[in-house]
Amino acid sequence: MQASHWHHWLVAAAAALGLSGTAAAGAGVAVGQPAPDFRLQDQQGTWHTLADHRGQWVVLYFYPKDQTPGCTTEACSFRDNIFAFEALGAAVLGVSLDDVASHDEFAKKYSLPFPLLADTDGAVTNRYGVMGGFGPLKLAKRQSFLIAPDGTIARHYESVDPGKHSAEVLADLKALGAKKSP
């Protein structure tokens, strides 16, 4: 099922079940503001915080669900460009509401070389203002944040094309003068 078909199916399913629109999201953050810190486990159970990455660029990308077409396309695009991100000193971190075991299966299946963070209670997704879903079904919206080495939001990508997003973020990193620290 194509990403757009997945979305249409989900909307149709929600409508058929009598569920309404998108869930209320948290206030979120704006460009120039400090990025909210977090403490989440990755697919291997290792804990990560944003503070761990202070002094480097961070691509924090939120996605709806492991193993779905659009999310797989986006993750594999970041995977395929990982050396370019590393050359610019940028860390890539994926976040969804899926648990550690789901992330582990997803990362292994597609050889994803970066952390997928499990925000199972949705606290971080809410803090960044990207919680979505239909009725009781909660999902992270497909949005990303480019966080500068000083910990502020440099870019917020509210409209993401899964197949082109990685290249878009790389271009922005280069335009912002990102380079690996000596």
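Residues of the stretch 62-81 that are farther than 18 Å from residue 102 by Cβ and under 15 Å from the mean Cα position of the chain (by Cα): 77 alone. Among the criteria (1) modelled with pLDDT of 95 or more; (2) touching a Leu at 6+ places or on another chain (Cβ under 8 Å), the one residue 134 does not fulfil is (1).
For residues that are among the aliphatic types (A, V, I, L, M), surrounded by 20 or more Cβ atoms within 10 Å (Cβ to Cβ) and over 17 Å from residue 41 (Cα atoms), tally how many sit in the stretch 115-137.
First, the residues of the stretch 115-137 that are among the aliphatic types (A, V, I, L, M): 116-118, 123-124, 130-131, 137.
Pick out the ones that are also surrounded by 20 or more Cβ atoms within 10 Å (Cβ to Cβ) and you get 116-118, 124, 130-131.
Retained after the next criterion (residues that are over 17 Å from residue 41 (Cα atoms)): 130-131.
The qualifying residues number 2.
Among the candidates 91, 24, 14, the residue that is modelled with pLDDT under 95, buried (at least 16 other Cβ atoms within 10 Å of the Cβ) and of a type in the set (Gly, Ala, Ser) is uniquely 14.
Only residues that are small (Gly, Ala, Ser) and over 13 Å from residue 116 (Cβ atoms) were counted across the stretch 57-79, and they come to 2. Scanning the stretch 127-143 for residues that are of a type in the set (Gly, Ala, Ser) and touching a Ser or Thr at 6+ places or on another chain (Cβ under 6 Å) yields 132, 140. Residue 140 meets the conditions (1) of a type in the set (A, V, I, L, M, F, W, C); (2) in contact (Cβ under 8 Å) with a residue 24 or more places away in the chain; (3) surrounded by fewer than 16 Cβ atoms within 10 Å (Cβ to Cβ) in every case but one. The failed one is (3).
Matching residues to (1) closer than 12 Å to residue 58 by Cα; (2) polar (S, T, N, Q):
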{"site": "138", "(1), (2)": "no, no"}
{"site": "141", "(1), (2)": "no, no"}
{"site": "148", "(1), (2)": "yes, no"}
{"site": "152", "(1), (2)": "yes, yes"}
{"site": "159", "(1), (2)": "no, yes"}
{"site": "163", "(1), (2)": "no, no"}
{"site": "168", "(1), (2)": "no, no"}
{"site": "173", "(1), (2)": "yes, no"}
{"site": "177", "(1), (2)": "no, no"}
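Against the definition (more than 25 Å from residue 44 (Cβ to Cβ) and of a type in the set (Asp, Glu)), how does residue 150 come out, yes or no?
Numbers: more than 25 Å from residue 44 (Cβ to Cβ): yes; of a type in the set (Asp, Glu): yes.
Yes; evaluated as a whole, the condition is true for this residue.
The values are calculated or read from the model by the stated rules, or taken from the named source; none is laboratory data. Predicted model only: the values in this text are computed from it and were never measured. Don't worry about glycine lacking a Cβ; one is built from the backbone with ideal geometry, like all the others, and counts go over all protein chains shown.
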